[in-house]
């Protein structure tokens, strides 16, 4: 039995998919039992669906910490693959052993954050370019994103909103408060949601009880009312954030582009509401949409005897 960091520091492996009769060659700097599958997304998806169909064979044990030498060994095995077999008999899509060891990759990533050279800063510009030339991945014929781009209502066109969102996320990155920079903070937030009964994976019944308790205490977002300083309309907290205050149509600081976006949103909502078949609860006589009717009324209605 070989011992990690004594007998070996990495290895070259061969996966075999018994169902599809396909192979995958790769390398990994780490232990045999650390849970690493491979860098191929297609391979990982197939493995996660049917792990019992996969068998792994170790082709080479790497005896040193030199990652480049491990890549050379992987390249030796990749060179034995025929080009015609890439993507057909093999999950591998190219005959190239490329990659970085985990420590080097982590250092490069944090250096990019410190220097401000991070993909988040360019994602909006790249998305806008792809939308403009029609090459964005979600601009398919069946995707409603194509319709939104055609009439100018897509969220990618609201540059001011995207700019604020990007600045907000980058601020969290640079001050160290972003969720994926500190696992302990992220974990505490998740535990807090669990304690409050608000975490999405707790299940519908627990979330229902939490919501009902919040409503009884008068702390639900729909019960919190605020008055817009621009139109003097009193509305619930969710609507105040969506249609009032900074996003109010009467706000003199709004640009013409933002006003047009708000008008288009209201028009689309009005058209959607016209198509909704409202239902009336037989126990409390409240008229609501099918979603709320199923969740809060009929068999779940609190007035049901």
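The values are calculated or read from the model by the stated rules, or taken from the named source; none is laboratory data. As the structure is a computational prediction, the values presented were derived from the model and not from experiment. Positions of Cβ are generated from backbone atoms using ideal geometry, with glycine treated the same way; all protein chains shown enter the neighbour counts.
Tabulated data for the structure shown
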quantity	calculated
Residue 304 being over 23 Å from residue 163 (Cα atoms), assigned to a loop (DSSP other than H, G, I, E, B) and at pLDDT below 75	no
Any hit, region 274-290, residues being assigned to a helix (DSSP H, G or I) and over 26 Å from residue 189 (Cβ atoms)	yes
Meets criteria (over 25 Å from residue 5 (Cα atoms) and modelled with pLDDT under 90) for residue 44	no
Among (1) surrounded by fewer than 14 Cβ atoms within 10 Å (Cβ to Cβ); (2) at pLDDT below 85, the one test that residue 241 misses	(1)
Checking residue 173 against (1) assigned to a helix (DSSP H, G or I); (2) modelled with pLDDT of 75 or more, the condition it does not meet	(2)
